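The values are calculated or read from the model by the stated rules, or taken from the named source; none is laboratory data. The model shown is predicted, which means the values in this text are computed figures rather than measured ones. All Cβ positions, even for glycine, are placed from backbone atoms using ideal geometry, and neighbour counts span all protein chains on display. Heads up: the accessible areas ignore ligands, DNA and RNA and are worked out on the full protein's heavy atoms, side chains in. Shrake-Rupley method; radii C 1.70, N 1.55, O 1.52, S 1.80 Å.
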Amino acid sequence: YTFEEPLPVAERVDDTGEYHLMELPGFGVLLLGKRGGTIDPRTVSSLTPPNEKLAQACRSTLTERQLREQRDRFEAVFAAIPEPVVNVVVENGTERIVRANKAFQETFVGDERSIRGQDLNELVVPDGQSANTEGLVEALNRGRPLESELKRNTISGNRHFLFSGVPVTAGEKAEYFGVYVDITEQKQRQQTLEKLYDAAQELLGERSRQEVCTH
């Protein structure tokens, strides 16, 4: 709807009273009416500051609602990913968990207890191994995803994963989403084929049929 006259607009209604239409920036108009008599001009002029505050409040509410809807959609996608996914912030060289999806909980934790704020590496890195946090942070600071094959401790024992660390650009601290794809069976098949290849090479190295049969 458009007005022929610029706002604010003041009109009298026959034998009823007076109304004022004032612009509510970005949202529409604000209607101020009085039954009987007229509205004091000083009252009208004093409404400009609260009108602007009301418009700002409306904009803030709209922005908050949009952000909440975006966050809800993100949480739904985050929870629906079938692979273990964890959101991590690096604080003073320690990878601390911000949130994790259900698949991560079931794979590495085994129950619903809260792991927010825990050291990720203390939870998943097997004994005797060290985490490459410095290399990870270096890649994240360059804005590049990091992919690597890792052995990680799960509730069912050590398993092999293809890890992808995707950097989060917002914020001062290094932050990433880590996705773990289980490649244990693929790794086991690869190791079996390597053993068969080594065995075949040893057989080819034997000098006689008898040595081959004995081997």
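Can you tell me which residue within the stretch 130-153, out of those that are over 14 Å from LYS187 (Cβ atoms) and among the hydroxyl-bearing types (Ser, Thr, Tyr), is surrounded by the most Cβ atoms within 10 Å (Cβ to Cβ)? Among residues in the stretch 130-153 that are over 14 Å from LYS187 (Cβ atoms) and among the hydroxyl-bearing types (Ser, Thr, Tyr), the one surrounded by the most Cβ atoms within 10 Å (Cβ to Cβ) is THR133.
Applying the criterion of being surrounded by 10 or more Cβ atoms within 10 Å (Cβ to Cβ) and modelled with pLDDT under 80 to the residues of the stretch 158-190, the residue that is nearest to VAL98 (Cα to Cα) is GLN188. Residues being polar (S, T, N, Q), modelled with pLDDT of 80 or more and open to solvent by 80 Å² or more (accessible area, probe 1.4 Å) are entirely absent from the stretch 196-206. Within the stretch 108-125, is there a residue that is exposed (fewer than 15 other Cβ atoms within 10 Å of the Cβ), under 24 Å from GLU185 (Cβ atoms) and either of a type in the set (Val, Ile, Thr) or over 16 Å from the mean Cα position of the chain (by Cα) (or both)? Yes, the conditions are met somewhere in the stretch 108-125. Could we say that GLU52 is over 26 Å from LYS173 (Cα atoms), at pLDDT 90 or above and part of a helix (DSSP H, G or I) here? Against the criterion (over 26 Å from LYS173 (Cα atoms), at pLDDT 90 or above and part of a helix (DSSP H, G or I)), GLU52 does not qualify. Within the stretch 73-107, restricting attention to residues that are open to solvent by 80 Å² or more (accessible area, probe 1.4 Å) and in a loop (DSSP other than H, G, I, E, B), the residue that is nearest to ALA174 (Cα to Cα) is ASN92.
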